[in-house]
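Colleague: First the structure, then my questions, so here it is.
No lab work stands behind these numbers, since they all come straight from the coordinates. Just so we're clear, the structure is a prediction, and the values are computed from it rather than from any experiment. Here the Cβ positions follow ideal geometry from the backbone for every residue, glycine too, while neighbour counts run over all protein chains shown.
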Amino acid sequence: MTLPPLAPFPPAAVRRDIANEEWENFLDAWTALSQAYLHLSPKDFKAAASDDGTLGSFLASYFHEAARAGSNELHFQSEKALSLRKQCFLLSHRLLSADQIPPRLLQWTFLADISHVFLRSERLKELLESVWKRQGEKVEQSLQKLKASLAKTLDSNQPDAAEDTLKELVPLLHTSPDIATFFVAGSDFLDSLCAAYSKASPSFKPKIVTVASLGIIALTKGEKPKFSLLSDTLYSLKTSAEAAQKTAQPTLLSDLVTNTPMVSRIKDSGASDEGVRVKNLAESLTSFRQSGLARPKKFVRRKVEKGKSRAVEDEHGHGEFGEVHVHRMSLITQIQDLFPDLGSGFIVKCLDEYNDDVEQVTAHLLDDSLPPHLKGADRTEQLPTPAVQDKAVDLAPHLPPRSTPPPTRRNVFDNDEFDQLAIDASKLHIGRKNASLTADNILSDRTAAPNKAAILSALATFDLDDDERDDTYDVEDVGGTVDSTIPGNDEAAELRDDRTEEALFRAYSTSREAFGRDTATRRSSARQALKSETGMTDEGIEGWAIMLARDPRKLRRLEAKFAAFDGQQRELAPTRWTDSPAESGTDTDGGGRGGRGGRGGRGRGGGGRGRGRGRGGGNGASVAGPADDKGTQVSRQRKEANKASRANHNRREGRARKMARGGFPG
């Protein structure tokens, strides 16, 4: 029987241009052909596998693309794509289990790709172990070329060129311990990793550590761990690390001990005498652990099981399918997808025989190697029909009845251009309509800006001087909260501010070093006392000193306010205005400003209220002088005499003249 060849799986650039419906047809065709190849007899399958290589070419192209596809790519996440993935694994399993394996499937690239796709598959690990035992020499030919090429690149001045290759190799080393042991055997590759670690970029070093860790841990696996090779490898790493410690540079061994479970895995290995020596050697490597090399671990948020579930009569779901659990039904469905002619009862017997392992059941069905009691069984046997439950489970016992929903739903966009698919393609856009439009372009575009003349005309209609306008709600028109309090009326706040400012000024005058910005000053007792007295922070105190140094006028004001006053006022300074600041002597020119002619002056400092010419002369004393001064007493007697003779006539005449000039009474 000759089947049509399988077309290679297209690359990502081609898949993006394929329509969804057409892609679904491709998946159906590949799945149908894969199932047809799986149903071939061993003789026909062997002929198809060694014919023109289309089967191996398809599998190589599929796993190459699947290994490089993103986790969210729809071409590999749909239900049909997952079914094709299963068929490809079964085809690969049957090809790699044969005596004659296509050479293309023995290349390290194919083995690495399939290991990447099925990284946690125990069945694949067993398959690769079997391939290594049967075709190990052919696999080594491909790996030897890769090992030599990697060693040459890692020893060069640009080891980062091997980063992509090592990244592809890691899944294969994880899946196959035999291949990982092949790379560690001999010190050439491990020495190249040590040399490349010192020259690698920070992003490449974790990949080097991962490759070395997988290779060393692989030596502890298997029925007979290779303790001798492991001991030589650890001694080699330790020698290189001790030599590199003299230069104070991080080494590959220190990174391995710090960031990988290598030491713990070696301790958990065998208990023989040779294994004990290796464990002691591994224990001595803990001295190379460096906390500075530790990389942060990825936090995995685990779902907390709260025990919440829907209250049903059948707690574990056994009653859904009678005597068969729902998980067993899913296994039956998987096998029936491959062998639709088999009955569910026969498949249950096969699952019981192989402990619910679908892969083993599938392999024995394909190879026709079932036990005698299953070969003679009825392959069309079905499971018995479960009895109808006497009591139906009411999933919603307390919900009130509701009206039947409408058969169709309507919205305001029904029958528009989009709904009828009649919109012009020029009006459609993906993302922003103007992707090149920036904020600067929007601000510089004045076409949509309001007209200045319109704003001015609108303001002209609003007359602030209109007495007839009701301004009751002007505060609400502001659109926010207006503080209507008058500043400066809070006496308690002013007193508190004065005390704070005085404390700061006293400290500033005493020691300016207390306002320093260093750590020692902030921790000093003077600073703590100042913070306790003022209630300010370090930044506020230091900022006050900086602003005071920049404002000499404020400094003089504070000196006049706080520095000169010691609590005892011995002298009352004059508050009147004078022509000259030095007017403390005797005025011999009459009464203050009286010597300037005209009406004379009203100066107090000249010994009276001299008016006109020559009146008001005196000895310079005033009524505000010391009480025991003779001149002060004379001035006070003269003041009383003048008040008695003239009363307030001068004040009334002055007011009359002011009113005649058009002034207002005040």
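Colleague: For Glu513 and Arg277 in one chain, what is 0.36 nm times their gap in residues minus the Cα-Cα distance, to one decimal in nm?
Modeller: Values: separation 236, 0.36 × 236 = 84.96 nm, distance 6.59 nm.
Length gained between Glu513 and Arg277: 78.4 nm.
Colleague: About the Cα centre, and with charges only on the beta carbon of Lys, Arg (+1) and Asp, Glu (-1), how big is the dipole of region 130-293? Nearest 20 debye, please.
Modeller: On the way: 20 positive and 18 negative charges, 33 e Å.
Once rounded to the nearest 20, the dipole reads 160 debye.
Colleague: Just to verify a number: FRET efficiency for Glu137 and Leu3, C-beta to C-beta distance, R0 = 41 Å, to 0.05? Each step should come with its number before you reach the end.
Modeller: Values: r = 32 Å, r/R0 = 0.77.
Approximately 0.85, to the nearest 0.05.
Colleague: Is region 86-135 best put as rounded, prolate or oblate by its Cα gyration tensor, with a ≥ b ≥ c the root eigenvalues, rounded for a/c under 1.5, and otherwise prolate when a/b is larger than b/c, oblate when not?
Modeller: Working: a/c = 1.34, a/b = 1.32, b/c = 1.01.
Note, shape of region 86-135 comes out rounded.
Colleague: Would region 1-105 count as rounded, prolate or oblate if I go by the C-alpha gyration tensor, calling it rounded below 1.5 in a/c and otherwise prolate when a/b exceeds b/c, oblate otherwise? Mind dumping the intermediate values first?
Modeller: Details: a/c = 2.04, a/b = 1.74, b/c = 1.18.
Prolate, since a/c reaches 1.5 and a/b exceeds b/c.
Colleague: Quote to one decimal, in nm, the extra length available between Phe418 and Gln637 on full extension: 0.36 nm per residue of separation minus the C-alpha distance between them.
Modeller: Working: separation 219, 0.36 × 219 = 78.84 nm, distance 10.65 nm.
Between Phe418 and Gln637, full extension yields an extra 68.2 nm.
Colleague: Can you compute the charge dipole magnitude of region 160-210 about its Cα centre, using +1 on each Lys and Arg Cβ and -1 on each Asp and Glu Cβ, nothing else charged? Give it in debye, rounded to the nearest 20. Walk me through the numbers on the way to the answer.
Modeller: Working: 4 positive and 7 negative charges, 40 e Å.
My answer is approximately 200 debye.
Colleague: Using a ≥ b ≥ c from the Cα gyration tensor of region 492-563 (square roots of the eigenvalues), is it rounded, prolate or oblate, where a/c under 1.5 gives rounded and otherwise the larger of a/b and b/c decides, a/b for prolate? It would help to have the intermediate numbers written out before the result.
Modeller: Working: a/c = 1.89, a/b = 1.32, b/c = 1.43.
It comes out oblate by the Cα gyration axes.
Colleague: Related question: With 13 Å as the cut-off, how large is the P(r) tail for region 319-375, expressed as percent of Cα-Cα pairs? Write down the numbers at each step before the final one.
Modeller: Numbers: 921 of 1596 pairs.
Summing the P(r) tail past 13 Å for region 319-375 gives 58 percent.
Colleague: Further question: Of the options Leu33, Leu91, Phe76, report the single residue whose Cα projects farthest towards the positive end of the charge dipole of region 12-106 (beta-carbon charges: Lys, Arg +1; Asp, Glu -1).
Modeller: Positive-most Cα among the choices belongs to Leu91.
Colleague: Where a Cα-Cα gap under 16 Å defines reach, which lysines qualify for Lys639, not counting those fewer than 8 residues away within the same chain?
Modeller: Here the lysines satisfying the reach criterion relative to Lys639 are Lys630.
Colleague: For each pair in Lys80/Lys349; Lys125/Lys145; Lys138/Lys224; Lys147/Lys221; Lys147/Lys207, compute the distance between the two Cα atoms and list the pairs where it is over 20 Å.
Modeller: Working: Lys80/Lys349 28 Å; Lys125/Lys145 23 Å; Lys138/Lys224 23 Å; Lys147/Lys221 22 Å; Lys147/Lys207 16 Å.
From the list (Lys80/Lys349; Lys125/Lys145; Lys138/Lys224; Lys147/Lys221; Lys147/Lys207), the Cα-Cα distance tops 20 Å for Lys80/Lys349; Lys125/Lys145; Lys138/Lys224; Lys147/Lys221.
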